[in-house]
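The values are calculated or read from the model by the stated rules, or taken from the named source; none is laboratory data. Since this is a predicted model, take the numbers as computed values, not measurements. Note: ideal-geometry Cβ built from the backbone for every residue, glycine included; neighbour counts use all protein chains shown. Side chains are part of the model used for accessible areas, which takes the heavy atoms of the whole protein and leaves out ligands, DNA and RNA. Shrake-Rupley method; radii C 1.70, N 1.55, O 1.52, S 1.80 Å.
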Amino acid sequence: SAGRVRSTIKHVATVRNKFKDNEKGNTAKDSCTPLPVPPDYDHGLFIGANLSYGIGGEPVEPPSPLGDYRGVSSLMHKLVAGSRGKVLVFGGSMTEGGGCSQPAARGGKVLLERACAWPARLCQWLRAAFPTAEVTVQNMAQHGISTYVLFAQLGLLLESHGDADLIIIDTLTNDAWAWAPEERRSSNRISLVYEAFIRSVRDILPSVEIFVLLAGCGSCGQQWSAQSKIARHYDLPTLDFYSMKGMPRFWGGVHPPWQVHSVIADTIAGVWAQSWETNCSKGPLGPLPLGKSYWPATDLAGLTTCKEPLSVYVAGNSSTARPQIAGGDFRLYEDRAGKPGWIALQSGSCMTFNLTFGKEPRFAVTYLRSYQNISDLQVKLRKATYMLRGHWPKGDARKVSLYSTKWFKSHGRDISKSTHRWGRIDKYSDFGFMKGVKPNSEVALDVCLYPVQDQTGQKVKVIQVLSC
């Protein structure tokens, strides 16, 4: 409709004005050469962002930049000097580009999925703004991945990215679906995991800046509150699309159209350009210290991850170890394009993972959960067995498929048994299962398909097994 049609020129200009309002009293903005501001830059294969978007709905009010953007300018200093700069992006299928399709400019091919998503568009602006620099924006988003699953594999994800300058976190959409209804009633659990993820990122990469993007998903209110309060606590640079006026009609669903990806990228580019004008004369500041945690350190310590995993089995990484097929029809393949896993369809199918443990034995299994035609996984360690439920609990109306991570550990505090704040959270560790496992030992873990009664179609899918 005519009321909705709006150019990114006006959209980004409004955001820039809001950024200036947030930085009143700072005179440094006039001392540096301004960067190109969307839509006035070479869009490459992307359709120019100054086109009108005929999506329908009411006009939208662009989000205001929140938090302290001074650390973002450190990346800009490297790029303006012609050096290498790397940005990592974490998120789910929306960030990955699910459902995104756009005809390419200049007679090129249709841009699909990752090539169409907002991280690729942001990379185009960075390369246009800093033509002498070597810019990498690596879209590490994965379908069905929540913050909790990312946290479980964080050490593995970051081990080859010690040179990253900035990490963008865009996990709100999947966090809204990753928790059972009884768990979603309290945002405490979600914010605890979100904070643990942020602090672990900075622990592994002390010099990296963290940028928060809060997506405009329509049913994310409680999860938005959980993430935004952590971002505010640390004063992290943030763009909050969830809170903007007219968001539901603008966003258009879990997987928004290419126009939304274009606006996301150009809005980020606009506030980064203004951040450069405001802060560049101060020199590279580096990320601000995180300081005191929001949640008590003892609660954060109750969450588990492997910063330096000793055993690594990742379906999508051929350089990692491979399990032994002990029976049935387990095999590694993609049931959906770009989504590999060890998949079995027959009862009695089993795999064996040889795990190596350190001084505090623990391991994690990441697997698929869904609402139909999904079976359970039975894991066996020595004489102990444990059931990982594939189907959502009875009464859970979620019509989505997501990856879930289950941790097992033999030490520390188990917050899953605490009721004062967290309730009983099955996602966390189970101590009894690993009773008798000694530090610095090696143990075989069996993972088997366990059929569900009265169900047509049996299937399990294992994505990853880590130990440390």
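Within segment 216-225, which residues are modelled with pLDDT of 85 or more and either within 15 Å of the chain's Cα centre (by Cα) or closer than 18 Å to HIS255 by Cα (or both)? Passing the criteria: only TRP224. Do the conditions hold for GLY57, that is, is it assigned to a loop (DSSP other than H, G, I, E, B), at pLDDT below 85 and of a type outside the set (Phe, Trp, Tyr)? Here the answer is yes, as GLY57 does meet what is asked.
Go through segment 202-240 and report how many residues are assigned to a loop (DSSP other than H, G, I, E, B) and among the hydrophobic types (A, V, I, L, M, F, W, C). Number satisfying all stated conditions: 6. Per this entry, SER160 is not counted among residues that are more than 13 Å from the chain's Cα centre (by Cα), modelled with pLDDT of 85 or more and closer than 20 Å to PRO237 by Cα.
Filtering segment 302-323 for residues that are assigned to a helix (DSSP H, G or I) and open to solvent by 30 Å² or more (accessible area, probe 1.4 Å) leaves an empty set. Which members of segment 103-115 meet the condition of being at pLDDT 90 or above and surrounded by fewer than 23 Cβ atoms within 10 Å (Cβ to Cβ)? Residues satisfying the conditions are VAL110, LEU112, GLU113, ARG114, ALA115.
What number of residues within segment 256-296 satisfy the criterion of being within 23 Å of the chain's Cα centre (by Cα) and not in a loop (DSSP other than H, G, I, E, B)? Total meeting the criteria: 15.
Evaluated against (1) over 20 Å from the mean Cα position of the chain (by Cα); (2) surrounded by fewer than 23 Cβ atoms within 10 Å (Cβ to Cβ); (3) over 15 Å from ILE167 (Cα atoms), GLY99 falls short on exactly one condition, (1). Of all residues assigned to segment 120-128, none qualifies as being at pLDDT below 95, in contact with a Cys (Cβ under 7 Å, 6 or more places away or on another chain) and part of a helix (DSSP H, G or I).
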